[in-house]
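Enquirer: Let me give you the structure first, and then I'll get to my questions.
The values are calculated or read from the model by the stated rules, or taken from the named source; none is laboratory data. What you see is a predicted model; the values in this text were computed from it and never measured. As a convention, Cβ positions derive from the backbone with ideal geometry for all residues, glycine included, and neighbour counts pool all protein chains shown. All accessible areas refer to the heavy atoms of the entire protein, side chains included, with ligands and DNA or RNA removed. Shrake-Rupley method; radii C 1.70, N 1.55, O 1.52, S 1.80 Å.
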Amino acid sequence: MEKLIINGGKDLEGKIQVKGAKNAALKIFPLALLTKEPILVTNLPEIEDCRRAEEMLIALGHRVKKIKHGTVEIQFKNRTCINLPADLVNKFRASILFVGPLLASCQEVYFPHPGGCVIGAGTRPIDMFLDGFSKMGARVEILENNYRLTAKKLKGADIFFPKITVTGTESLMTTACFVDGVTVLKNCAMEPEIPALADFLNSIGAQIQGAGTPIIKIKGVKELKGGEYKIIPDRIEAGTFAMLAAASNNGEVLIENCEPLHLEVLWAAFDKIGVNYRLSKNSISILPSKKILSYDITTHEYPGFATDLQSAFTVLMTQAHGSSLIHETIYDRRLLFCDSLTQMGANIIMADPHRVVVNGPTKMHSRKLVSPDLRAGMALVMAALIAQGQTEIDNIYQIERGYENLAERLKGLGADIKRIKE
Ligand code: EPZ
């Protein structure tokens, strides 16, 4: 079992490169079901979830050719209308994005409930996907924990999302490219990964308008071509590294190959809490700050405070002077990792499953920890880097689902961290 061993309390300084966004990369693989021409994907993060997406594509009979580190070519090989492999669907939430294209091209798809992080109510509902496909004309059968969708011919539809859903927006936007007629999606998510996906789809022949706004209009087309897709920088990774530098900084940390414009909500928070930072077009520089002040945040869909940045911000607030209310509105289990922070010396009161009060600053000390999910796991790495003493973090598969070569990259900032295999 792999684990991370971290000796905390070291000054961090130097440069770190941001990788391509996991939540942009995972949405490109299903497109190989919609075009017979190859798609070249560059700036691809070499992470576990992308490996699972590649395995899914291969299991469905298509080809993934590794050109070089961070570059693959995905290619439709032959129409294989089979069930989505349960062992893969259970490993990552984004597996749901294969459902629409398979339904559109094979008229039938059978799959178990998608897996991934255990952060949402129960097992992260997919009702909005099923409602959307049914509005497009699909018959939805729920068979215990499996779903069978059948549709002779999907057609365009008007779909209103009762809650804002990122993968729901992406899934129905992608599927609608390939069905007859016009689809209008309302109350859409606006995360940067969505216009990035739409721009690529339009570059290979789709007709999508409004991606990045709450209303997206898609006119179905007969076929899509191939092309090249450069994955946008991972805003969550960039923001997390910025908060790590702010929490532990006595030296300058330069975060490169990122898109600061995707993190305006974090810079607004940094302005309020006194973090000393500088932005350029594609980099963030974090400099020593006199004192970090406490600050209340409420997570919200983009461009609000991203739920994926919440756990790192909570760790940062353990080092801030004063009381901070952290209100996690999207998921009901995304604050459970605060127990581990408390065991490390943080002063955190759980008001309810969606709200904690963090009182700082507190000295953090080492613990044996287990990574509960991807973002909380990274937040525990951050806490371990701040804490005095040696911390051990288990179940690091969850962290490696989203962060490429993390230990080596943090070592580049002076962290005393190693990945061991027991
Ligand atoms: C995406 O998840 C991201 N994952 C998540 O990142 C991110 O936290 C989330 O968006 C919010 O920004 C990927 O892009 C692969 P949702 P997604 O559908 O699309 C409810 C990470 O760490 N909902 O926007 O699954 C749901 O329960 C991951 O990288 C329904 O009720 O999130 C949640 O409360 C974690 N029914 C809310 O909507 C549905 O059919 C938002 O979920 C779908 C969602």
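Enquirer: Which condition breaks for residue 141 when tested against (1) open to solvent by less than 60 Å² (accessible area, probe 1.4 Å); (2) under 23 Å from the mean Cα position of the chain (by Cα); (3) more than 25 Å from residue 37 (Cβ to Cβ)?
Expert: All conditions are met except number (2).
Enquirer: Please count how many residues of region 158-170 are open to solvent by 70 Å² or more (accessible area, probe 1.4 Å) and within 12 Å of the ligand (Cβ to nearest atom).
Expert: Looking only at that region, the number is 2.
Enquirer: I've got another one for you. Hey, among the residues in region 284-310 that are within 16 Å of the ligand (Cβ to nearest atom) and among the aromatic types (Phe, Trp, Tyr), which one's farthest from residue 195 (Cα to Cα)?
Expert: The residue in question is 305.
Enquirer: Can you tell me which residues in region 88-116 are more than 20 Å from the chain's Cα centre (by Cα), open to solvent by less than 10 Å² (accessible area, probe 1.4 Å) and hydrophobic (A, V, I, L, M, F, W, C)?
Expert: 102, 103, 109, 111
Enquirer: Still on this model: So which of 210, 205 ends up being outside the structural domain of residue 330 (by TED's automatic domain parsing), surrounded by fewer than 21 Cβ atoms within 10 Å (Cβ to Cβ) and within 19 Å of residue 36 (Cα to Cα)?
Expert: Testing whether each residue is outside the structural domain of residue 330 (by TED's automatic domain parsing), surrounded by fewer than 21 Cβ atoms within 10 Å (Cβ to Cβ) and within 19 Å of residue 36 (Cα to Cα) leaves just 205.
Enquirer: Also: Check 378, 317, 364, 344 and return the single one that is open to solvent by less than 20 Å² (accessible area, probe 1.4 Å) and within 16 Å of the ligand (Cβ to nearest atom).
Expert: Step by step, each of 378, 317, 364, 344 is checked, and only 378 is open to solvent by less than 20 Å² (accessible area, probe 1.4 Å) and within 16 Å of the ligand (Cβ to nearest atom).
Enquirer: Related question: As an exercise: evaluate residue 267 against (1) assigned to a strand (DSSP E or B); (2) farther than 25 Å from residue 27 by Cα; (3) not polar (S, T, N, Q) and give the number of the one condition it does not meet.
Expert: Only one criterion is unmet by residue 267, namely (1).
Enquirer: Name the strands (runs of 3 or more DSSP E) wholly within region 1-87 that hold at least 3 residues that are open to solvent by 80 Å² or more (accessible area, probe 1.4 Å) and at pLDDT 95 or above?
Expert: Here the list reads 63-68.
Enquirer: Which of (1) within 16 Å of the ligand (Cβ to nearest atom); (2) out of contact with any Gly (no Cβ under 7 Å at 6 or more places or on another chain); (3) modelled with pLDDT under 95; (4) farther than 26 Å from residue 155 by Cα is the odd one out, the single condition residue 94 does not satisfy?
Expert: (4)
Enquirer: Picking from 129, 111, which residue would you name as being at pLDDT 90 or above, within 8 Å of the ligand (Cβ to nearest atom) and of a type in the set (Phe, Trp, Tyr)?
Expert: Unique residue meeting the criteria: 129.
Enquirer: Further question on the same structure: Out of (1) over 20 Å from the mean Cα position of the chain (by Cα); (2) not in a helix (DSSP H, G or I), what's the single condition that is false for residue 258?
Expert: Going through (1) over 20 Å from the mean Cα position of the chain (by Cα); (2) not in a helix (DSSP H, G or I) one by one, residue 258 breaks only (1).
Enquirer: Contact list please: Cβ distance under 7 Å, first residue in region 171-193 and within 30 Å of residue 258 (Cβ to Cβ) and open to solvent by less than 20 Å² (accessible area, probe 1.4 Å), second residue of a type in the set (Phe, Trp, Tyr) and assigned to a helix (DSSP H, G or I), pairs at least six apart or on different chains.
Expert: 171/129
Enquirer: Something else: Given the condition closer than 16 Å to residue 96 by Cα, within 24 Å of the chain's Cα centre (by Cα), within 13 Å of the ligand (Cβ to nearest atom) and surrounded by 14 or more Cβ atoms within 10 Å (Cβ to Cβ), answer yes or no: does some residue in region 147-157 qualify?
Expert: Scanning region 147-157 turns up no residue that is closer than 16 Å to residue 96 by Cα, within 24 Å of the chain's Cα centre (by Cα), within 13 Å of the ligand (Cβ to nearest atom) and surrounded by 14 or more Cβ atoms within 10 Å (Cβ to Cβ).
Enquirer: Further, regarding this structure: Does region 159-169 include one or more residues that are modelled with pLDDT under 95 and either part of a strand (DSSP E or B) or among the acidic types (Asp, Glu) (or both)?
Expert: Taking every residue of region 159-169 in turn, none turns out to be modelled with pLDDT under 95 and either part of a strand (DSSP E or B) or among the acidic types (Asp, Glu) (or both).
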